[in-house]
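No value in this document is a laboratory result; all are computed from the given coordinates. None of the values given here were measured: they were computed from a predicted structure. Note: ideal-geometry Cβ built from the backbone for every residue, glycine included; neighbour counts use all protein chains shown.
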Amino acid sequence: MGLDWVGFGYATLVASGGIIGYVKAGSVPSLAAGLLFGSLAGLGAYQMSHDPKNMWLSLIASGTLAGVMGLRFYNSGKFMPAGLIAGASLLMVGRLGFRMLEKPHDP
């Protein structure tokens, strides 16, 4: 059982996006959402590092962000930051979906 580096990278991307939104535009909601969802994604990556089947928190966090940021991207047409986070979140949902479909390996 190894660390979920992709999950931790995704969590860092989400959290840093919230921090950048706060620094550039003074957006407190962006900071709060980025830190909240980044923390949830980080906790989900931690859980998956210890038990690869425990992916529900990661799936909920990335699925929620894919929907919310996808809608923001659709309405604004701006890739940064909504399109980037929506795309990364959609990739995470796909990655987790494929992991759910994998057959379990014998120990």
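Of the candidates A15, A45, A11, A61, the single residue that is of a type in the set (A, V, I, L, M) and over 27 Å from E102 (Cβ atoms) is A15.
For (1) in contact with a helix residue (DSSP H, G or I) (Cβ under 7 Å, 6 or more places away or on another chain); (2) surrounded by fewer than 17 Cβ atoms within 10 Å (Cβ to Cβ); (3) among the hydroxyl-bearing types (S, T, Y); (4) more than 19 Å from R95 (Cα to Cα), each residue gets a yes or a no:
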residue	(1), (2), (3), (4)
G7	yes, no, no, no
Y22	yes, no, yes, yes
G26	no, yes, no, yes
L31	yes, no, no, yes
G34	yes, no, no, yes
S49	no, yes, yes, no
M55	yes, no, no, no
I60	no, yes, no, no
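Here L71 meets the list (1) among the aliphatic types (A, V, I, L, M); (2) closer than 26 Å to K103 by Cα; (3) surrounded by fewer than 16 Cβ atoms within 10 Å (Cβ to Cβ) almost entirely, failing just condition (2).
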